[in-house]
1. Just the number please: accessible area per residue for the chain, 1.4 Å probe, all protein chains included, in Å².
2. Of all accessible surface on region 31-120 at a 1.4 Å probe, what whole percent is carbon and sulfur?
3. Using bins 5 angstrom wide from zero, how does P(r) for the chain break down, in % of all Cα pairs?
4. Who wins for biggest fluctuation among PRO18, PRO77, PRO93 in a Gaussian network model of the chain, springs between alpha carbons below 10 Å?
5. Of LYS6/LYS202; LYS54/LYS159; LYS54/LYS202; LYS36/LYS221, which ones are farther than 31 Å apart at the Cα?
6. Any aspartates and glutamates with Cα under 16 Å of the LYS167 Cα? List them, leaving off those in the same chain fewer than 8 positions away.
7. Under the classification rounded if a/c is under 1.5, otherwise prolate if a/b is larger than b/c and oblate if not, where does region 37-132 fall, given a ≥ b ≥ c as square roots of the Cα gyration tensor eigenvalues?
Amino acid sequence: MQSNLKYLQRIPLFYDLPEEQLQEIARLVLERSYTKGRIIFMEGEPGEALFLLKSGLIKLTKRLEDGREHILHFVNPGEVFAEVVLFEGGSYPATAEVQEDAVVGVLRNQDIERLISHNPSMAVGMLRIMSRRLRTAQEKVMNLALHDTARRLAFTLIKMAEEHGVKEARGTLINLNLTNQELANMTGSSRETINRMLNSFKRAGAIDMDRQQIYLLDKGKLENLLR
């Protein structure tokens, strides 16, 4: 329980709550371990819980009408996911797949609802998280609708460098082992087009690549595409 408390204190959804309330929440957290490739929940399944990622990496995806997979978000340790089902119930709007072996804290809806009824500040925190996710989703929609493939890819690489970047001597490593097909899924493009765009960015000196790893060398060159 003590480890759950320390973890909850680092999550924006909870860290403003008094310690006695955090202790109450910590007692409700169920811990589960998942290996790479496991599915935590599928899009369309009944939404029963809020999830807190303690370690590892989770990919959230949605299936498009034509059967293709669209990547919505990569969940990092300390982030909350599937919070939307707390307020509306219903089904999970996306699929959560484990990208790296993960330890996940699970808070069941019925337990959280009881706490929220006595804790308005907790509800406000959740709404703030939802607001940030909505803003990110709106940025993606605008990016897909208004930009060509080169601009969509540049936007995606910049965002991933901001969210998953690790500073190294060589440049900013985007610390995700993504295939070109996954990048295509994120940008609404084809794998072949992404291959061409990445090689173009590399020739321009904006990025460098090493197998599935991408290094951002010159953010300004990618930003110029968005102007």
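The values are calculated or read from the model by the stated rules, or taken from the named source; none is laboratory data. Since we're looking at a predicted model, the values are computed, not measured. In case anyone asks, the SASA skips ligands and DNA or RNA and just uses the protein heavy atoms, side chains included. Shrake-Rupley method; radii C 1.70, N 1.55, O 1.52, S 1.80 Å.
1. 52 Å²
2. On the way: 2080 of 4280 Å².
In region 31-120, the share of accessible area belonging to carbon and sulfur is 49 percent.
3. Result, from short to long distances: 1, 6, 13, 17, 18, 15, 12, 9, 6, 3, 1, 0 percent.
4. Among PRO18, PRO77, PRO93, the largest mean-square fluctuation in the Gaussian network model of the chain belongs to PRO18.
5. LYS6/LYS202; LYS54/LYS202; LYS36/LYS221
6. ASP208, ASP210, ASP218
7. Note, shape of region 37-132 comes out prolate.
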